[in-house]
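Worksheet for the structure shown next.
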Amino acid sequence: GTAVKVRHILCEKQGKCLEALAKLRAAYFPDDGSAAAKGIAKWNEIAGAYSEDKARSGGDLGWMTRGSMVGPFQDAAFKMELSDPAKGKIVYTDPPIKTQFGYHIIMVEGRK
């Protein structure tokens, strides 16, 4: 593939990123017997609260081409399983990916 449709939650500090990750886990993979969140709304809510990349709503970066992303981010984005939020399938990087910008939780919704 040459491009990925990607979202991320970016935090400068690892601690804040791990907090966001814990919120995602609790929402999408609850261990307390509660129902798992479906769709992208919960991701957008957590991204809005935690991501320091305020330029993009819900961390949506849209289609990014190979070569336009920093190395570790790109490597992860092209390797990961695709998410299909409409069908309740949410896949994200756990642990977060570290780049010169900070710590990213990455979700990929498409590849072409």
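Nearest 10 degrees, 0 to 90: what angle lies between the long axis of helix 14-28 and the longest principal axis of the chain (Cα atoms)?
In the chain, helix 14-28 runs at an angle near 60 degrees to the longest axis.
May I have the convex hull volume per residue, in Å³, for the Cα set of the chain?
Residue-normalised Cα hull volume stands at 93 Å³.
For every helix of n ≥ 4 consecutive DSSP H residues, a contribution of -39,500 (n - 2.57) applies; sum these over the chain, divide by its total residues, and give [θ] at 222 nm rounded to the nearest 500 deg cm²/dmol.
So the calculated ellipticity at 222 nm is -9500 deg cm²/dmol.
Please give the contour-minus-distance gain from Lys13 to Lys87: 0.36 nm per residue of separation, less the Cα-Cα distance, rounded to one decimal in nm.
Gain in length upon complete extension: 23.5 nm.
What trypsin sites (Lys or Arg not before Pro) does segment 1-71 have in DSSP loop regions with at most 10 other beta carbons within 10 Å?
Lys54
Could you report the accessible area of Thr65 in Å², rounded to 10, computed with a 1.4 Å probe on the protein chains as they sit in the structure?
Approximately 80 Å² of Thr65 is accessible to the 1.4 Å probe.
Using a 1.4 Å probe, what is the accessible area per residue for the chain, in Å²?
53 Å²
The values are calculated or read from the model by the stated rules, or taken from the named source; none is laboratory data. A quick note: this is a predicted structure, and the numbers were derived from the prediction, not measured. No Cβ is skipped: glycine too gets one built from the backbone with ideal geometry, and neighbour counts run over all protein chains shown. In case anyone asks, the SASA skips ligands and DNA or RNA and just uses the protein heavy atoms, side chains included. Shrake-Rupley method; radii C 1.70, N 1.55, O 1.52, S 1.80 Å.
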